[in-house]
Amino acid sequence: MTSHALHHPWWHNGIIYEIYIRSFCDGSGDGIGDLQGIEQRVDYLSDLGIDAVWLTPFYTSPQADFGYDVSDYCNVDPLYGSLPIFDSLVARLHERNIKTIIDFVPNHSSIQHPWFISARSSRSSPHRDWYIWRDPAPDGGPPNNWLSLPGGPAWTFDETTGQYYLHSFLAEQPDLNWRNAELRAQMMNVLCFWLERGVAGFRVDVLDRIFKDPLLRNDPPNPDYRDGQPDFMRLRSVNSSNQPELMDVIADMRTLLASYGDDRVLIGELYQPVDQLVPFYAGPNNGVQIPFNFNLMWQKWYPPAIATLVHDFEHVLPRHAWPNWVLSNHDQSRIVTRFGAAQAKTAMMLLLTLRGTPTLYQGDELGLADVPVEQSKQQDQFARVGEGGRDAYRTPMPWTQARYGGFSELREPWLPLPPDLAHINAQHQSKEPLSMLNLTRGLIALRRAEPALALGAYHCIEANDSLYVYERSDEHKRFRIILNFTDQIIHCAHGSRHGHIVFSTHFVTPRGCAQEMTLAPHEGIIMAVP
Ligand code: GLC
C-alpha cells in the first residue's frame, strides 16, 4: 500500500513512549515515581527523540490497582503531584515538542469513588444505576458466570443493599454503567477537563469492556482454552464485553477530541487479533485512530510468523487506517525476558522500522529485563486474587549506578532495581556507543530523518528460518532492513553493490556493501538502496 496519498497527522510518524508513573522517577523522595520526577527527566525524553508520552493514571486513587482504580477523575493523587505540577509538566514537555497523552479509565472507578459510595448506600441512590447491580441467582450465587480478569467471579455481593455488583477487574474496581446517560455525560466532561489542560489525547483503558450484554447472558466456554492460560480465558467474553453501542461512544469521543483540534488522538487498549482490530478503526472520523496492536507480543519470535502477522495486518487495514505496533507494556513480560537479550536489539529495530506508529515501553530502551520480586515484597493485587502479579515488568527505571539507581534520592524504591545495575542504567549506556540506549536513540533519529522509514510503503522480501528482510520506500528513497534472528553468522545475497549500510545494531562504523553480505549473530542492519 502506498501511503503518501494520505494526510499524515503527527502520530503517523510519531513515536509514543509509555511512562508507568510509579516507576519512572521519584521527584518527591518517597520511593515512588511521580509527575515531578518526570519533569526532572524531560531532557532524557527529548534526547531519546520520542514525540509523545503516554502517562499511566495519576488520578486520585486508593491504589488498589496502582491508579487504575480512580476515585476522582479530575484531580491528581498527592502521591504523584498536583494539578499545577501536571500543568507544569505538560508545558515543559510541550517546550520540547513532546505531546502528553493520558490514560482514561472508563470501564470502572474505584470502590472509594463518591459515585460508588453513594450507589452502594441504598437501592434508591441517585448513583445506583451508574454501576451494574443484580439480584443474586436463585441459589444465592452470582447473577451469571462471568469471570474477572485478575481471577475469580466478576461479581461481589454487597451486604447493605442485598445485590451483587459487577467488576471486570478487582472487587475494588466496580464497573460503570455506560448505558446511564448521566454517567456517560460525566465521563465525557472528564475528557473535556483534560483536553482543556492541553493533553494531546487518551489511551483508553480496556475500551472493549465498557458495554456488556444488557441481558447479562452467560459467557460460553472457550474451546481454544489451553492449560496455563489465565483463568478468565476459560470463557469467551462475548457477552461480558464488546457490544455494538461501543462504536457510538467511540464516535462521540472522536467528535469531542476533534472539537479541540484535529491533532488529538484516541488510542484504545484492545487485546484482539489483527482482523478484529479492524472494526475499531470504523470510518476516518468516528473510530479509534490507534487501536493498540499487541499481536507482536504473543508472536513466536520466528521470521515467517512475524512476516505473516505484518502481512495480515497490512492487508486487513481499511484505506484510511494507519497501523501501529507495541512490543511490551506494564502488563506484560519485557522483551529481553521473552526473546532474550541478544534478540532485544533486532526486536527494537523491527519495532522502529515497521510501517505504523510504534509504542515503546519505558526501560525497553535500556534492555531492562523482568526483575524478579520476592513474594514478601510483591505489590500487585492481581497476584492476591489469582493471576500472577505484574511487578516484575514494572520495576523502577535505573538511571545511574548510585544507591537506589538514581530513581529515588532518599528512599528505597517501591520495587527492586535490576541486579545488573552497573550496565543497565541510562547514564552508563549514554556513554557506550553500542548500548541498547544509543541503539534506540539512533534508530529513532534515523526514523525521524527519513520519511521513507516512517511513512513509506512496506514490502516483504524474504522471511526464512534465519532472516527477515523487508523494505520501506517512498518516491524518493528505499531502505532494506535485514534482521538476523539466529545466533549464527549468516551470509546472504540481500546486499546491494550500489547500496550503503546506514545503521547496524552491532557496528558503529558503517561497513561497505556488496551483493553478498555477512551478518553477525543477531545483527540487524538498515541499508539505503537505490
Ligand atoms: C488495563 C491496564 C492494567 C489494569 C487494567 C484494569 O489492562 O493496562 O494495568 O490493571 O486495565 O484497569
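The values are calculated or read from the model by the stated rules, or taken from the named source; none is laboratory data. All values derive from a computational prediction rather than experimental measurement. Positions of Cβ are backbone-derived with ideal geometry, glycine not excepted, and every protein chain shown enters the neighbour counts. What goes into the accessible areas is simple: the full protein's heavy atoms, side chains included, and nothing from ligands, DNA or RNA. Shrake-Rupley method; radii C 1.70, N 1.55, O 1.52, S 1.80 Å.
Charge tally for residue 80 (other residues, Cβ to Cβ under 9 Å; Lys, Arg +1; Asp, Glu -1): -1.
Label-to-label distance, residue 298 versus residue 420, with points set 7 angstrom from Cα along the beta-carbon direction: 3.0 nm.
Full extension of the chain between residue 486 and residue 217 gives 92.0 nm of extra length, using 0.36 nm per residue less the Cα-Cα distance.
A crude spin-label estimate for the pair residue 196 and residue 42, with each label 7 Å from Cα along the Cβ direction, gives 2.4 nm. Per residue, the chain exposes an accessible area of 38 Å² to a 1.4 Å probe, with every protein chain left in place. Within the accessible area of region 457-529, the carbon and sulfur atoms contribute 53%, probe 1.4 Å, all protein chains present. Once the C-beta distance of residue 477 and residue 342 is scaled by a Förster radius of 30 Å, the resulting FRET efficiency is 0.50 to the nearest 0.05. Placing +1 on the Cβ of every Lys and Arg and -1 on the Cβ of every Asp and Glu, with no other charges, gives the chain a dipole of roughly 940 debye about its Cα centre. As a calculated quantity, the FRET efficiency between residue 438 and residue 493 at R0 = 25 Å, using C-beta atoms, amounts to about 0.25. Between the alpha-carbon centres of region 292-348 and region 358-389 there is a gap of 20 Å. Net length available on complete extension from residue 509 to residue 189 is 109.8 nm, with 0.36 nm assigned per residue and the Cα-Cα distance removed. Between residue 430 and residue 7, the distance separating the two model label sites (each 7 Å from Cα on the Cα→Cβ line) works out to 4.0 nm. Counted by Cβ distance under 15 Å from residue 486, the other residues give a net charge of -2, where Lys and Arg count +1 and Asp and Glu count -1.
List the residue ranges in the chain for DSSP H helices whose C-alpha atoms run 15 angstrom or more along the long axis and whose Kyte-Doolittle average is 1.0 or above. Long hydrophobic helices here: 246-258, 341-353. Once every DSSP H run of n ≥ 4 in the chain is given -39500 (n - 2.57) and the sum is divided by its residues, what mean residue ellipticity at 222 nm do you get, rounded to the nearest 500 deg cm²/dmol? Calculated from helices alone, the mean residue ellipticity at 222 nm is -7500 deg cm²/dmol. On full extension, the segment bounded by residue 258 and residue 231 gains 5.8 nm, given 0.36 nm per residue less the C-alpha separation.
Annotation: residue 260 carries an accessible surface of approximately 60 Å², with a 1.4 Å probe and no ligand, DNA or RNA atoms counted.
Label zone (residue 122, point 7 Å along Cα-to-C-beta; backbone nitrogen cut-off 17 Å) within region 130-163: 130, 159-163. Using C-alpha pairs under 8 Å with a sequence gap of at least 6, the mean separation divided by the residue count of region 457-529 gives a relative contact order of 32 percent. Placing unit charges on each Cβ (+1 for Lys and Arg, -1 for Asp and Glu) gives the chain a dipole about its Cα centre, and among 457, 189, 233 the Cα reaching farthest toward its positive end belongs to 457.
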